[in-house]
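The values are calculated or read from the model by the stated rules, or taken from the named source; none is laboratory data. Bear in mind the structure is a predicted one, so any value in this text is a computation, not a measurement. Backbone-built Cβ (ideal geometry, glycine too); neighbour counts: all protein chains shown.
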Amino acid sequence: MSKSKDKRIRRLKRLRIWPSVLGLFVITTIFTVVFALTIVTSLTDVMREKFVSNYEISSQLVNRHIDTNFSAQEQACQGILKDIDLSNEIQAVCVLKNGTEVWSSNGQYPDLSVRVAFTELFGPESTVSNYDMVIEEDEQTIIVKEDGQYTFNDQWIEQIDLEKEISRLEKEGNKEYEPIVSLKLWYVMPVGDLEAFVLNDIHVYIYDVVFLAAVACMVVILVIVFIIYYIITIFGVISSQKRVTKVLYTDIVTGGENRLAFARKGTKLLKRNRRNKRNYAMIHLRMEKYRSFCTCFGVREGEELLERFYRTLKKWIRRKEAMAHYEQADFALLLCYTTQEELVARIESIEQALNAITPNIKLYFGVGVCLVEQRQKDVEELYNNALSARSLLGEDAENRIAFFDVEMKKQQLWERKVEDEMERALKNKEFKVYLQPKYSAKEEKIAGAEALVRWIHPTEGFVPPNKFIPIFEKNGFILQLDDYMLEEVARQQAKWIQEGKNVVPVSVNVSRAHFTREDLAEHICGVVDKFNVPHSVIELELTESAFFDDKEVLLNTVKKLREYGFIVSMDDFGAGYSSLNSLKELQIDVLKIDADFFRGEDSVDRGMLIVSEVIDLAKKLDMKIVAEGIESREQVDFLAQQNCDLIQGYYFAKPMPLNEFEEKYNHQ
């Protein structure tokens with residue numbers, strides 16, 4: 001699996017819970033801060049109102065009973081005691097003169113040793129922000145003064161009706177409520193050179209902070225709602241992620257695990273097998289001719305068969321093993337084994353179990369095996385190796401189990417090397433044109449040639465065609481190589497013509513892959529006409545197998561090429577299964593008899609008889625005959641007797657570079 005693909009899958013699988021958790025934390029923090037600020041602000045406002053209200057009541061009490069001539073008069077003292085009895089919050093009153101105790105309603109006097117600015121509790125905008133206070137625990141003393149001088153604010157006195165206020169406090173005090181805040185304090189009332197102190201027991205009840213309670217309840221409810229919402233969201237994300245993962249790892253055909261799940265599980269098993277306690281083998285199992293089965297019985301039946309395959313294979317999978325459906329009729333198995341013999345026996349038993357699913361239909365399976373070596377952890381690479389081993393099995397091979405070996409690995413590396421370097425090689429003209437002469441059968445002189453490609457690699461040296469042509473045919477690069485060869489041959493023919501030399505027709509192979517384009521004839525003309533070469537000196541060879549692709553395109557292309565003046569030949573005649581049928585429909589100029597007719601023990605009798613009849617048939621169809629692969633004098637004499645036109649083979653000459661061909665042709 002590629003790194004980018006693996007990264008995308010990991011990103012898709014990753015749980016995205018952290019945004020919800022972060023949101024829960026942020027919302028909870030915000031509500032907590034708001035809640036705390038609301039409580040502090042509300043309590044501050046309530047306490048400020050209580051302080052001011054009690055100060056005003058205390059001011060009224062002092063104003064009514066104490067004057068500059070106060071010296072504990074009996075009438076004034078009785079009035080003070082009466083007002084104290086009427087109030088729940090006024091506890092005592094005392095008078096000092098120049099710091100000397102004059103009178104106290106209950107013998108209590110304040111402690112003036114500690115002072116705190118009023119603004120430190122209620123801020124600079126407080127109504128009584130110019131006053132100081134002294135606060136102590138339990139029996140606390142609070143002294144209020146303005147700008148360091150004991151003064152009295154007459155505006156506060158005018159705003160308070162003492163009788164009504166005392167009556168209100170008395171009624172509120174009679175309610176059976178426990179205060180939520182209780183604080184004792186002394187208010188100082190300067191009266192001339194006297195100092196009147198009023199001790200207040202201030203209580204804050206729940207009904208004093210109704211708004212605070214409402215806000216607190218609302219905040220708590222909102223916090224609970226948001227916490228529940230985000231918890232539900234988190235569980236929803238987890239649930240959604242599980243569903244996504246299940247879909248991601250589920251095969252749509254079998255309903256079981258797919259290749260992604262297999263890769264994940266297989267990688268874990270191999271990584272945990274660090275000390276090689278178990279021997280693992282990667283198995284690629286394919287039902288051969290699955291398309292034919294679907295054609296006969298339908299696609300639905302084919303998918304149901306694969307589903308039954310999956311269920312059967314699942315029963316054969318042990319602990320610490322893995323299995324999955326890959327694609328079409330391919331299955332991957334990661335199996336443990338002790339010996340190769342035991343592994344082969346188990347695979348054969350699995351095949352028998354799969355065949356038992358359809359007792360009336362014979363099924364065929366191909367199996368590729370790659371034994372996992374130490375430190376091999378790439379599941380996809382191992383599976384590809386097993387697939388490569390299975391692909392080497394022939395259609396009619398008796399042994400349906402193939403093991404991946406070193407040679408296969410070398411072949412894979414070579415294919416990779418070829419594909420990595422083919423573009424550079426074409427650009428640097430590392431592909432060279434070799435010509436193999438074609439000799440006339442009677443005169444035994446060069447009358448034509450076939451252009452063959454050879455790769456002169458800068459480090460590998462001479463690379464035979466069978467080591468790179470099949471690779472190019474598989475990956476499609478053969479199209480570029482054919483155009484390159486046609487262009488090089490046309491360039492060389494133009495050079496010889498300009499030099500005044502006689503030229504012979506040179507044949508160039510045209511791969512069957514070219515015949516997928518309807519403008520192939522025009523394309524070939526465009527390549528050749530760049531060098532002003534007569535079309536008659538270019539022969540285009542096509543293989544008989546091209547006849548079985550798009551026959552209509554092939555017939556139209558051949559017709560156009562002949563109209564343009566090119567010589568068209570059929571290569572490897574006799575190697576296919578419908579040669580006579582192709583001769584009936586294809587209008588060609590040259591027929592090349594396949595070299596297999598001239599090989600083997602029966603070549604003298606049956607082979608030569610067939611060759612004789614083919615030559616006779618070609619003559620009647622007005623075709624020239626080229627016999628290739630000729631290696632003996634007896635074969636040359638026989639072909640000459642049968643009126644064969646041209647002979648090509650090692651008996652006369654092997655493929656050679658252009659300069660050697662030119663020298664050989666000029667000196668014949």
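Collect the residues in the range 610-632 that are closer than 16 Å to L580 by Cα and either surrounded by fewer than 17 Cβ atoms within 10 Å (Cβ to Cβ) or touching a residue at least 60 places away in the same chain (Cβ under 8 Å) (or both), keeping them in residue-number order.
I610, S612, E613, D616, L617, K619, K620, L621, D622
Mind listing just one residue for me: the one in the range 470-482 that is closer than 19 Å to L540 by Cβ and crowded, with 18+ Cβ neighbours inside 10 Å and, of those, nearest to the chain's Cα centre (by Cα)?
The residue in question is F472.
Limited to the range 276-320, what total is found for residues that are over 20 Å from A402 (Cα atoms) and surrounded by fewer than 17 Cβ atoms within 10 Å (Cβ to Cβ)?
Summing the residues that are over 20 Å from A402 (Cα atoms) and surrounded by fewer than 17 Cβ atoms within 10 Å (Cβ to Cβ) in the range 276-320 gives 25.
Pick from E421, E443, E460: which is out of contact with any helix residue (DSSP H, G or I) (no Cβ under 8 Å at 6 or more places or on another chain), crowded, with 18+ Cβ neighbours inside 10 Å and in the same structural domain as Y484 (by TED's automatic domain parsing)?
E421
Across the range 64-89, what is the total count of residues that are surrounded by fewer than 18 Cβ atoms within 10 Å (Cβ to Cβ), farther than 24 Å from P179 by Cα and touching a helix residue (DSSP H, G or I) at 6+ places or on another chain (Cβ under 6 Å)?
Qualifying residue count, the range 64-89: 1.
Residue check: is F652 over 58 Å from the mean Cα position of the chain (by Cα) and touching a residue at least 24 places away in the same chain (Cβ under 8 Å)?
Yes.
Exactly one condition in (1) of a type in the set (A, V, I, L, M, F, W, C); (2) modelled with pLDDT under 70; (3) surrounded by 19 or more Cβ atoms within 10 Å (Cβ to Cβ) is not met by A92; state its number.
(2)
Residues of the range 263-314 being assigned to a loop (DSSP other than H, G, I, E, B) and under 15 Å from D330 (Cα atoms), which ones?
E288, K289
Read through the list (1) in a loop (DSSP other than H, G, I, E, B); (2) surrounded by fewer than 13 Cβ atoms within 10 Å (Cβ to Cβ); (3) outside the structural domain of E373 (by TED's automatic domain parsing), then give the number of the only condition that T254 fails.
With respect to (1) in a loop (DSSP other than H, G, I, E, B); (2) surrounded by fewer than 13 Cβ atoms within 10 Å (Cβ to Cβ); (3) outside the structural domain of E373 (by TED's automatic domain parsing), T254 is out only on (2).
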